[in-house]
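Notes to accompany the following structure.
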Amino acid sequence: MNEMMPVSDIATPKLPTLPDAQTVTQVTHWTDRLFSFRMTRPASMRFRSGEFVMIGLMGDVNEKTGKAKPLLRAYSIASPSWDEELEFYSIKVPDGPLTSRLQHIKVGDEIIMRPKPVGTLVHDALIPGKRLWFFATGTGFAPFASLLREPQTYEDYDEVIITHTCRTAGELTYGRELIEALEHDEMLNEVIGEGFWKKIKYYPTTTREQSAKMGRITDLINSGEAYAELGVEPLCPQNDRAMICGNLAFNLELKAMLEAAGLEEGANSKPAQYVVEKAFLD
Ligand SMILES: Cc1cc2nc3c(=O)[nH]c(=O)nc-3n(C[C@H](O)[C@H](O)[C@H](O)COP(=O)(O)OP(=O)(O)OC[C@H]3O[C@@H](n4cnc5c(N)ncnc54)[C@H](O)[C@@H]3O)c2cc1C
Ligand SMILES: NC(=O)c1ccc[n+]([C@@H]2O[C@H](COP(=O)([O-])OP(=O)(O)OC[C@H]3O[C@@H](n4cnc5c(N)ncnc54)[C@H](OP(=O)(O)O)[C@@H]3O)[C@@H](O)[C@H]2O)c1
């Protein structure tokens, strides 16, 4: 080794020390409750945009056994399948076993990941249609952050509508900035087609803080207001396909609305007209 080499040059890259460990490359805090981070991706890992994996940190040492076990939680991969890194969008639960610690991660830290992606919010679980709806609340936006950057989304559909309902305006920022950035993403405009982002209709709403559009998306659809503002016909099984990701009550309410409109739930094994996944377990 050259003894004159600067320390900064010989200190990188850091080798993983935990099982299945990946290294954090970027952390962004959006609000006091929300952050996103990027980390390395194993070269052998394949996934379909919209899927989730188990990630986490090493838990505390058990006093009896003297051993520590990984503390893992399900997380939607927010980056698209072609990205060389992995991105996640996370809640900070103040006393949450994982996120009370995960919210303090820094660039260079290690995250454990079980690289076995699964999930229902995938194109394979839907049959062809004209218009694709992404319905999200809170961190339920994460799988759609992946699918909004997935070329197949624009190859398969004429129109892509993303609705995001949060309590406060600050909780919409991650999604809003991601969608606004698509217009200027040279690589995506080249690969998917110039102006692909014009297929997107973005419909953000807040429920507990003033913003340009107030109200739950379920109420805005039931009243017809959302259709009128988006300039689309009511949901129908011939044209519309949908993916839902939010809290349990939201998922159930939207599911009932889609069924009433004549859409059938799909799965990987039996593609149909809509799919649903919980953004977190209650
Ligand atoms: C399929 C699936 C995908 C998921 N994807 C994500 C994701 O992309 N991003 C993410 O932040 N979380 C996601 N979650 C939730 C995640 O698994 C953890 O629950 C979360 O990281 C909190 O972990 P914790 O150990 O700190 O608290 P936990 O003990 O897991 O949760 C404590 C309580 O916090 C609330 N809570 C947990 N997660 C959320 C959330 N995301 N939004 C609002 N309230 C929540 C619930 O009331 C829960 O009972 C997903 C869960 C499932 C089942
Ligand atoms: N967000 C915060 O500022 C905040 C702060 C402290 C603690 N927490 C806690 O964190 C947990 C998760 O909060 P969260 O805000 O991320 O998620 P959330 O409670 O699931 O709410 C996210 C959004 O979904 C809407 N929503 C809820 N049920 C719905 C339904 N059936 N149909 C349509 N829309 C629906 C909410 O509207 P409504 O507002 O009308 O319910 C809100 O705009 C909760 O346990 C909460 O107590 C949140």
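Rounded to whole Å and sorted largest first, what semi-axes of the equivalent ellipsoid does the C-alpha gyration tensor of the range 241-282 yield via the square root of 5 times each eigenvalue?
On the way: eigenvalues 60, 34, 8 Å².
After scaling each eigenvalue by five and taking roots: 17, 13, 6 Å.
Fewest to most neighbouring Cβ within 10 Å: what's the order for Y89, Y154, Y174? Please report the intermediate quantities before stating the final value.
On the way: Y89 27, Y154 20, Y174 23.
Least to most surrounded, the residues fall as Y154, Y174, Y89.
Whose amide H sits under 5 Å from the amide H of K201, counting only residues 5 or more places off or on another chain, with H placed in the peptide plane?
V160, I161, I162
Can you give me the relative contact order of the chain as a percent, contacts being Cα pairs under 8 Å and 6 or more apart? Let's see the in-between values first.
Values: 555 pairs, mean separation 51.5, N = 282.
Relative contact order here is 18 percent.
Given Cβ point charges of +1 (Lys, Arg) and -1 (Asp, Glu) and nothing else, what value in debye, to the nearest 20, does the dipole of the chain about its Cα centre take? Mind dumping the intermediate values first?
Details: 30 positive and 40 negative charges, 185 e Å.
The dipole magnitude comes to about 900 debye.
Comparing V232, V61, V93, which has the greatest mean-square fluctuation in the GNM of the chain with Cα pairs linked when under 10 Å apart?
Highest fluctuation of the listed residues: V61.
Using the alpha-carbon atoms, what tilt in degrees (0 to 90, nearest 10) does helix 173-182 show relative to the longest principal axis of the chain?
80 degrees
Specify the angular offset, from 0 to 90 degrees and rounded to the nearest 10, of the alpha carbon long axis of helix 248-260 from the longest principal axis of the alpha carbons in the chain.
Between the helix axis and the principal axis of the chain, the angle is about 30 degrees.
Determine one quarter of the surface area of the Cα convex hull of the range 168-282, which equals its mean projected area, and express it in nm² to one decimal. Intermediate values should be presented prior to the final figure.
Details: hull surface 36.1 nm².
Averaged projected area of the range 168-282's Cα convex hull equals 9.0 nm².
Strictly over 31 Å apart at the Cα level, which of K106/K199; K116/K213; K69/K92; K67/K106; K69/K255 would you flag in this model?
K106/K199; K116/K213; K69/K255
Going by average Cβ density within 10 Å per residue, which order do the peptides 113-123, 140-150 take, highest to lowest?
On the way: 113-123: 19.4, 140-150: 26.3.
Descending mean neighbour count gives 140-150, 113-123.
Under a 5 Å amide H to amide H cut-off, with H placed in plane at 1.01 Å, what residues pair with L121 once short-range neighbours are removed?
The list, which skips near neighbours in sequence, is empty: none.
Quick one: 3J(HN,Hα) in Hz for the range 129-138, Karplus 6.51/-1.76/1.60 with θ = phi - 60°, rounded, Gly and Pro as x.
x, 9, 10, 10, 9, 10, 10, 10, 10, x
Taking GluC sites (Glu not before Pro) that fall in a DSSP loop and have at most 14 other Cβ atoms within 10 Å as cut points, what is the longest piece of the chain between them?
On the way: sites that count: E3, E63, E84, E183, E194, E209, E264.
Value returned for the longest uninterrupted segment is 85-182.
Any idea what the alpha-carbon Rg over 2.2 N^0.38 Å comes to for the chain? Could the numbers behind the result be given before it?
Numbers: Rg = 20.2 Å, N = 282, 2.2 N^0.38 = 18.8 Å.
After normalising by residue count via 2.2 N^0.38 Å, the value is 1.08.
Per residue, how much space in cubic angstrom lies within the convex hull of the C-alpha atoms of the range 27-170? Please report the intermediate quantities before stating the final value.
Details: hull volume 18.0 nm³, N = 144.
That works out to 125 Å³ per residue.
Please list the non-local residues whose amide H lies under 5 Å from the amide H of S49, H modeled 1.01 Å from N, same-chain partners needing a gap of 5 or more.
For S49, the qualifying residues are S81.
So if the hydrodynamic radius of the range 188-244 is defined as the Kirkwood radius over C-alpha pairs, what does Stokes-Einstein give as its diffusion coefficient at 20 °C and 1.002 mPa s, in µm² per second?
Numbers: Rh = 13.5 Å.
Taking Rh from Cα pairs, D becomes 158 µm²/s.
What's the center-to-center distance, using Cα atoms, between the range 189-249 and the range 88-167 in Å?
16 Å
Under unit Cβ charges (Lys, Arg +1; Asp, Glu -1), what dipole magnitude, rounded to 20 debye, does the range 37-168 have relative to its Cα centre?
Details: 17 positive and 16 negative charges, 106 e Å.
It comes to approximately 520 debye.
Roughly what % antiparallel, to the nearest 5, for the DSSP beta bridges in the chain? Walk me through the intermediate numbers first.
Numbers: 27 of 55 bridges.
Counting DSSP beta bridges with both partners in the chain, the antiparallel share is about 50 percent.
Please work out the ratio of the alpha-carbon Rg of the range 90-232 to 2.2 N^0.38 Å and round it to two decimals.
Working: Rg = 16.9 Å, N = 143, 2.2 N^0.38 = 14.5 Å.
The range 90-232 yields a ratio of 1.17.
Values quoted throughout were computed directly from the atomic coordinates according to the rules given, and no laboratory measurement underlies them. Given the structure is predicted, the values throughout are model-derived calculations rather than measurements. Backbone-built Cβ (ideal geometry, glycine too); neighbour counts: all protein chains shown.
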